[in-house]
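One structure is given below, encoded as structure tokens.
The values are calculated or read from the model by the stated rules, or taken from the named source; none is laboratory data. Please read all numbers here as calculations on a predicted model, not as lab measurements. For neighbour counting, all protein chains shown are included, and Cβ atoms are generated from backbone atoms with ideal geometry for every residue, glycine included.
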Amino acid sequence: MSKHYSLASPEDVEHAFYELLLEGDADRLALLWAEDEESVCVHPTGVRLTGLLPIRESWRGIFANARLRVQAERVAHWQGTVMAIHHLTELLFVGDDPSPHGPLHVTHVYLRGSHGWRLVARHASAADDGHQAMADAIPHTLH
């Protein structure tokens, strides 16, 4: 992937993101992000990283310590002409351990620019299924 690699859709970026997680390639993963000082990545630990360099270095550190495989399932998505938001559920597999970690609730925000679509924000957090069940049981009324 070159620095000006053009990605035609948010789905292309997302597909490449998960492939590069599997490959453990932080440098190529960084090419999927918007070159914006406000790009943000929040890992499940709650650490918020702002800017491309800290984001890339955090992934480099993760890949140095573990081989990852992620099963992602899209829950919802919204797309306009220049912005798309994807909400997913992820199961994380570390190394050769067959037991999944998670699930995680993940939100990806994509922006379309002169070189196609890029990831501008990723927020991942541990799912709390007990509280989710309570929230789902509450009737939703629109006013």
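Listing for the model above:
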read-out	value
Positions within the range 1-27 being exposed (fewer than 15 other Cβ atoms within 10 Å of the Cβ) and either hydroxyl-bearing (Ser, Thr, Tyr) or at pLDDT 95 or above (or both), in sequence order	Ser2, Tyr5, Ser6, Ser9, His15, Glu19, Leu22, Glu23, Asp27
Elements of type strands (runs of 3 or more DSSP E) contained in the range 46-105, each with 3 or more residues being more than 13 Å from Arg122 (Cα to Cα)	68-79, 83-94
Of all residues making up the range 108-125, the number that are closer than 15 Å to Ala76 by Cα and not in a strand (DSSP E or B)	0
Pairs with Cβ under 9 Å, 6+ apart, first in the range 111-123 and over 21 Å from Pro54 (Cβ atoms), second among the basic types (Lys, Arg) and assigned to a strand (DSSP E or B)	Arg112/Arg118
Residues of the range 110-143 satisfying the condition of being modelled with pLDDT under 95 and of a type in the set (D, E, K, R)	Asp128, Asp129, Asp136
Candidate set: the range 22-45, residues that are part of a loop (DSSP other than H, G, I, E, B) and hydrophobic (A, V, I, L, M, F, W, C); chosen: the one nearest to the chain's Cα centre (by Cα)	Leu32
Flag if Glu73 is crowded, with 17+ Cβ neighbours inside 10 Å and farther than 20 Å from His115 by Cβ	no
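Condition check ((1) modelled with pLDDT under 95; (2) charged (D, E, K, R); (3) within 16 Å of Leu20 (Cα to Cα); (4) out of contact with any Cys (no Cβ under 7 Å at 6 or more places or on another chain)) across all residues:
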| residue | (1), (2), (3), (4) |
| --- | --- |
| Val75 | no, no, no, yes |
| Trp78 | no, no, no, yes |
| Ile85 | no, no, no, yes |
| Leu88 | no, no, no, yes |
| Gly95 | yes, no, yes, yes |
| Pro98 | yes, no, no, yes |
| His101 | yes, no, no, yes |
| Leu104 | no, no, no, yes |
| His108 | no, no, yes, yes |
